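A.B. asks: First, the structure itself, so that you have it in front of you.
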Amino acid sequence: MSNLLSSLRVALATMAICVAGYTAVILGFAQALTPTSANGSLITNDAGTVVGSRLIAQAFSSPEYVWPRPSAVDYDAGGAGGSNLSPANPQITARAQELISAHGGASVDAPIPADLVTASGAGLDPHISLEGALFQAARVAEARGVEVSAIERMIEERAVTPGGPFTAGRIVNVLDLNLTLDADLAAPAASQ
Amino acid sequence: MTRPTSSMFSRELAGEALRQSFVKLDPKYLIRNPVMFTTSIVAVLVTVLFLRTLVTGQGDPVFEAQLVLWLWLTVLFGNFAEALAEGRGKAQAASLRSTKAELEGKRLKGERTETVAASSLRAGDIVLVETGDLIPADGEVIGGVASVNEAAITGESAPVIREAGGDRSAVTAGTRVISDWIKVKVTAEPGEGFLDRMIALVEGASRAKTPNEIALTVLLTGLTLIFLVAVGTLPAFAAYVGGSIAVPVLVALFVALIPTTISALLSAIGIAGMDRLIRFNVLAKSGRAVEAAGDIDTLLLDKTGTITLGDRQATEFMPLSGIREADLVGAARLASLADETPEGRSIVALAGAGETMPGSAAPVAFTAQTRVSGIDIGDRSIRKGAVDAVLRLHDFDPGSVRELKSLTDKISRAGGTPLAVADGNRLLGAVYLKDIVKAGIKERFAELRRMGIRTVMITGDNPLTAAAIAAESGVDDFLAEATPEDKLELIRKEQTGGKLVAMCGDGTNDAPALAQSDVGVAMNTGTQAAREAGNMVDLDNNPTKLIEVVGIGKQLLMTRGALTTFSISNDVAKYFAILPAIFVALYPGLGALNVMNLASPESAILSAIIFNALIIPLLVPLAIRGVSYRPQSAARLLVRNLGIYGVGGLVVPFVGIKLIDMAVSGLGLA
Amino acid sequence: MEHIVVVTLIIGGTALLSLPLGTYMAWAMDPGSTSPRGTRFTALFERVAGPGAATGQSWQRYLATLLMFNVVMFSVSFAILALQQHLPLNPDGKGALDPTLIFNTAASFTTNTNLQHYSGEVSMSYLSQLAALMWLQFVSAATGIAALAALARGIAGRETIGSFVVDVQRASFLVLLPLCLLVAPVMVLLGMPMTLQGAVQATTLEGAAQTISRGPVTAFLTIKQLGTNGGGFFGPNSTHPLENPSFWTNALAMIAIILVPMACVWMFGRIIGRMRHATVVFAVMTLFLLVKIGAAVTFEAAPTAALTGLPVAESSNLEGKELRLGATTGPLWAVLTTSTSNGSVGAMHDSLNPLTGLVPMAGMWLNATFGGVGVGMINMFLYIIVAVFVAGMMVGRTPEYLGHRIEAKEMRLAVLALFVHAFLILGGTALFAATPWGQSAVQDAGAHGFSEILYEFSSASANNGSGFEGLGDGSWAFNIATGIVMLVGRFLPIILPIAIVGSLMAKRRAAESSGTLGVEDATFGSMLAITVVIFGALTFLPAAALGPIAEHVSLP
């Protein structure tokens, strides 16, 4: 009986300190120092509407936007998830074929970067590889009626190495890039 | 008992072992070894399946027949190993038993004696044993003196004296009185005597599993259960892909994986270890004692007879100033001419040639009261003896006394024993009697130290002398002026520090210490009390053997450990033989796991099972002989044994199974 | 090259950090009577615990208290989960949960497993996440550390093995909480969310609506990693960009995963006063860890098999991986999270290349390459007992571990514990592989589907919590079966080793000499490594052959 009583007292103490106390401290710290990222790195437009989160991929299918990686959950940021397909699963093959044709085809000489045809872990990967972005530059340029090189320059400017010296490739934040595209280049009337 | 000269596999022994292999198929017997019992159940199961195959005609009767054969052989080989190990003891037991059968005693009833069978003698009965008689029961001499031939027990034909009182009063059933007579009070109830115990021991009948053996059996049984799960779940896994695995194949995998090798040899190793000890003329009262010998941390060794030769030797004559050395030598020689003790003889030998004993001389013998001996030639009286005893003989010149004392102190400090020599009222000097440390003993102690065993010398000498001998012999520590109580105290202290202690002893006053020690080796010449108290009896009465006994204990455990390691390591190769054979039907690509490139699935399975069976008889010599053992530190032993039996256990079956596979497929057996 | 640098920095750096942390933990868990501050803490914790806090308990009492506390843990969290729809801190109005899911989840977090048959952002209120799940992440980890401290005290030959209700507070307040308070702010500064606001509705650039779930992620994530819990705030765990926003949060999380398990080895060494022995154990664990990392990184460099023949640029397998985390992350994290019993994921394990997928399974089968906080070292203790027994015989003595004789009773308990792990994994897999419970739940047919079931039970028994998430494991059958497996797989491997130590404590301790088996040299290390492989891995070879290996050899 004294075991139960002691256990309850310790449960109460840990609940108070490790749950209530700890949460309060970290919450206060985060809201005070980094309110933007603490609340989900949200991006608001001039009208004050939330257009998304810098960290969360959103669906893009119009030709004038750079498209993100495929999502197994259709970019549902309220119920994220990966495809969980075995890497040998034919569904991956089928999905890749679909995406290759959506991206206007690819060939052995101009292959599509792998990240554009593979689903990420959470289905919300906000990035694509620099190559993946450049692969789409021509389509975006055409849709927006600008020089491909202009798009490529904008892409290059936004490419980062995520881990500095510890990672090899460069990546581009899709939402960020698309916001810049919209801001810097007038969108063609067709897509309005 | 005769010392073994027969080879390990004499024809009669092998024949009897073969018969026993089948007798031991009795489930009541097999169940004592869970792994082999499991194997036999599997063998029964596969036999039944084989018979069903014969009846129904579905399946592969040739393959299954071979499986049945080799599974049963696995069990039989295990039985054979055990029977062979027991066999040699049984032969000895048989001769002892025939000795026992003919024993009868002359029981004293008042003044008359009646001849009765030994089996009807009870503790407390008194029997008369005369020249030519066999002593009918273990007992204590209560009257008379006799010389007794104990060859039946010890193999040593030189007779020993047995008399009432003191440390030479114990007699053993089956030994023969060869002169005079003794009255013996029986101390053992029928069936509980030394001879009975010895028969049981060499026969292995009373062999209870030792603690280590039980623990190992637990591990092996646990492994068997684990592999039961690993193999038992395979049908469900196969069902998932819509396949199935034939039961004979499945159980073949199971038998190959469970540690049959070590389990089959386990009891042979234990019996052979006891047997090695017996052939070394040491009787352990239990297997537990043999194992404990391997665990010994501290060895208590009596100085005399173990570390030093039994007798002191005169090595130097040391005259006082103003005395000619020749005078001292001459006097000491004369005083020792009639002295038949080894010390006396060594003085004469050291002195060299000199005058013979004059006819008028009257030798004066040593008595416990005077503690001096010597010779009277006319009115000249020469004495030699312990310093204080000689000094009490006269009022010697104080200057000489002082000088003698400083001389003799020096001798003591050097580890020697001084004898003072006086000629009338004149002190001549001292004789330096030296303890001679046995040749090679220092190296033995160094060896023991490497094995992590501490040696302690027990001696009645004073601390000065003891320290000197300890230093010379290289013993780690010593207990000087030791009484039996001191010895007991020392053992207790060591044990409180977590150490296991071994000692040997023979006297009744050694009994408590023998009983307290973890391994107590009683000398066979010792008293009944000592023999009861110890857990081993040394039939040769050689205290140095304690060191070898430790080695035998270690070797026993090492053999078990080495074969366990070997047995378990074998599983890797067996997996690679059988798994691809089973799974290739489910996933053809898994044929890639067939790294040994075995001919066919059936051949692979058979080869693994054949290897599994054949390795048992191949390892029987090793199990019975024990792995080679040199005294080394534990770290080196582990490197060595892990290298040989661990790595060997990984490699050997790959080679073996491949060779068997070539034979099996070559002969078209599968 | 990039791989080697990342692995070296993370493993090497954490190993260096673990040494002082281990020393600190030894003090925190076992201050003795000479440290005035330690004594004050002990007195305080005894006051908090009240009447049950006897200063020294018998091993039976210690275990009884441990189990009682865990019953309270289970019951309280069960109640919170069951009532979440009526309780506060539920801004998104999460509804009631399925009873078998509640059982499974309470069992999962009580046992430090964090197997999740739900998706956090879909099903759990913030109160459930914090007061039920995060609370359990603290106290279940503390239970493991307490059990290890008790085990070490027994081996050290103390008179008692301590008091559980005091130990669990020491582990919570002196070890886990301070570490969290150090790590969580860094995570916040690196951009991780920490908010009590509910999900936000966004209107995407293309005009679609997107619901973005968020929450008090940082607090949750930090203890999830430091306590080898692994339960994600979001369904996809640490692949979710809000739970792992950058390469740097990812690197720090990997350090947090392995740090305390590493330090536990040193803590064990300090308490038993045998740091050289701890070094040997640490070296063996590190060896296994590096071999697994090497294998996983190599296997995962192969491209996604399904893309063979398509005009796709050459690349490592990117299915289920996040680009910002770097190419090493998938395999490295997969190894770390399954070597420890963490179970959080930085890539989708189900989508790992077949042989890569075998590596995390092997990690869970061994379950002692650092392992769960506290319990990993306890598992290694079982292997040590077996290794000491076999090696001890080979040096010709009754086997001894640091002067404790290993006899039939200890052997029985150790072998039972090893048996249970194999039985739970293989038995559970067999049951589900042969029945529709498993067969209808797998996502991919054939060998991969088998791997999904095998992984699930490995994860449950090893108290890991990661999964081949393609498996439809939310059924009542999986909820109940894995719930039971987790409970048995948690408590027997704590009870049995402590019973072993209890039995050892009752015996006279043997002196050590050059004739006794040394446990402080490379030879013993090799012996231990071989024992781990043979007893931990060999049993699973048939299952591995029919799962990942069969899948690999069947690749086109």
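None of the figures in this text is laboratory data; all of them are computed from the coordinates on show. In this text the structure is predicted, and so the values were computed from the model without any measurement. No Cβ is skipped: glycine too gets one built from the backbone with ideal geometry, and neighbour counts run over all protein chains shown.
A.B. asks: Could you tell me how many degrees, from 0 to 90 and to the nearest 10, lie between the Cα long axis of helix C:275-300 and the main elongation axis, the longest principal axis, of the Cα atoms of chain C?
C.D. replies: 20
A.B. asks: How many partner chain Cβ atoms sit within 10 Å of a residue's Cβ in peptide A:25-35, on average, as a whole number? Intermediate results must be reported in sequence, preceding the final value.
C.D. replies: Working: counts 6, 14, 7, 1, 7, 13, 5, 1, 3, 9, 2.
Across A:25-35, the average partner-chain Cβ count within 10 Å equals 6.
A.B. asks: If you take every residue apart from C:Gly326 with its C-beta less than 15 Å away from the C-beta of C:Gly326, what net charge results, scoring Lys and Arg +1 and Asp and Glu -1? Provide the component values of the computation, followed by the final result.
C.D. replies: Values: positive: A:Arg170, C:Lys321, C:Arg324; negative: A:Asp115, A:Asp125, C:Glu2, C:Glu300, C:Glu322.
Spelling it out: positives minus negatives among the neighbours equals -2.
A.B. asks: Sticking with this structure for a sec: Which value, in Å³ per residue, describes the convex hull spanned by the Cα atoms of region A:41-184?
C.D. replies: Numbers: hull volume 18.8 nm³, N = 144.
Roughly 130 Å³ of hull volume per residue.
A.B. asks: Give me a single rounded figure for B:100-113: the average over its residues of other chain Cβ atoms within 10 Å of their Cβ. Before the final figure, lay out the partial values.
C.D. replies: Working: counts 0, 0, 0, 0, 0, 0, 0, 0, 0, 0, 0, 0, 0, 0.
The per-residue average across the peptide is 0.
A.B. asks: What per residue convex hull volume, in Å³, do the alpha-carbon atoms of region C:186-316 yield?
C.D. replies: Values: hull volume 21.3 nm³, N = 131.
So the per-residue hull volume is 163 Å³.
A.B. asks: In addition: Which lysines have a Cα less than 28 Å from the Cα of B:Lys442, not counting those fewer than 8 places away in the same chain?
C.D. replies: B:Lys303, B:Lys410, B:Lys434, B:Lys487, B:Lys493, B:Lys499, B:Lys545, B:Lys554
A.B. asks: Helix A:174-184: angle to the longest alpha-carbon principal axis of chain A, degrees 0 to 90, nearest 10?
C.D. replies: Roughly 50 degrees between the two axes.
A.B. asks: How far is helix B:211-232 tilted, in degrees, relative to the longest principal axis of the Cα atoms in chain B, given as a value from 0 to 90 rounded to the nearest 10?
C.D. replies: 10
A.B. asks: B:Asn212: net charge of surrounding residues, Cβ under 11 Å, Lys/Arg +1, Asp/Glu -1, itself excluded?
C.D. replies: That works out to +1.
A.B. asks: With viscosity set to 0.890 mPa s and temperature to 25 °C, compute the Stokes-Einstein D of the protein assembly as shown, Rh being the Kirkwood radius across alpha carbon pairs; µm²/s, no decimals. All intermediate terms of the calculation are to be shown ahead of the outcome.
C.D. replies: Working: Rh = 36.8 Å.
In µm²/s, the coefficient rounds to 67.
A.B. asks: Continuing with the same structure: With a 10 Å radius around each residue's Cβ, average the other Cβ atoms per peptide and rank B:187-196, C:445-454, highest first. Before the final figure, lay out each step's value.
C.D. replies: Values: B:187-196: 18.6, C:445-454: 25.4.
The peptides rank, most packed first, as C:445-454, B:187-196.
A.B. asks: I'd like the trypsin sites (Lys or Arg not before Pro) in region C:145-228 restricted to DSSP loop residues with at most 10 other Cβ atoms within 10 Å, sorted by number.
C.D. replies: Numbers: sites: C:Arg153, C:Arg158, C:Arg170, C:Arg214, C:Lys224; in loops: C:Arg158, C:Arg214.
Taking region C:145-228 and a limit of 10 other Cβ atoms within 10 Å, no loop trypsin sites (Lys or Arg not before Pro) are found.
A.B. asks: For region B:386-392, what does the Karplus curve 6.51 cos²θ - 1.76 cosθ + 1.60, with θ = phi - 60°, yield as ³J(HN,Hα) per residue in whole Hz, taken in order and with x for Gly and Pro?
C.D. replies: Once rounded to whole Hz, the list reads 4, 4, 5, 5, 5, 5, 7.
A.B. asks: Looking at region B:24-96, which trypsin sites (Lys or Arg not before Pro) are DSSP coil and have at most 16 other C-beta atoms within 10 Å of their C-beta? All intermediate terms of the calculation are to be shown ahead of the outcome.
C.D. replies: Numbers: sites: B:Lys24, B:Lys28, B:Arg32, B:Arg52, B:Arg88, B:Lys90; in loops: B:Lys24, B:Arg32.
Answer in residue order: B:Arg32.
A.B. asks: Take the eigenvalues of the Cα gyration tensor for region C:105-235, scale each by 5, and report the square roots as semi-axes in whole Å, largest first. Before the final figure, lay out each step's value.
C.D. replies: Details: eigenvalues 259, 46, 19 Å².
That gives 36, 15, 10 Å for the three semi-axes.
A.B. asks: Looking at B:Pro342, B:Thr408, B:Gly424, which one has the Cα that reaches farthest to the positive end of the dipole of region B:309-436 (charges on Cβ: Lys, Arg +1; Asp, Glu -1)?
C.D. replies: Final value for the positive-end residue is B:Thr408.
A.B. asks: Turning to a different aspect of this structure: Using the Cβ atoms and a cut-off under 11 Å, what net charge is assigned to the surroundings of B:Ile258, where Lys and Arg are +1 and Asp and Glu are -1?
C.D. replies: Details: positive: B:Lys574; negative: B:Asp571.
Around B:Ile258, the charge tally is 0.
A.B. asks: So which lysines can B:Lys106 reach, going by Cα to Cα under 24 Å and dropping same-chain residues fewer than 8 places off?
C.D. replies: Reachable lysines: B:Lys183, B:Lys185.
A.B. asks: Given the rule -39500 (n - 2.57) for each run of at least 4 DSSP H residues, summed and divided by the residues of the protein assembly as shown, what is its mean residue ellipticity at 222 nm, to the nearest 500 deg cm²/dmol? Don't skip to the answer; put the middle values down first.
C.D. replies: On the way: 53 runs with 741 residues, N = 1418.
That comes out to -17000 deg cm²/dmol.
A.B. asks: Shielding by partners for C:196-203, please: the mean number of other protein chain Cβ atoms within 10 Å of each residue's Cβ. Display every interim value, and only then the final one.
C.D. replies: On the way: counts 4, 4, 0, 3, 8, 3, 12, 7.
Rounded to a whole number, the mean comes out at 5.
A.B. asks: Could you tell me the largest-minus-smallest coordinate of the C-alpha atoms of region B:309-436 on each of the three principal axes, in descending order and whole angstroms?
C.D. replies: For region B:309-436, the Cα spread along each principal axis is 39, 36, 30 Å.
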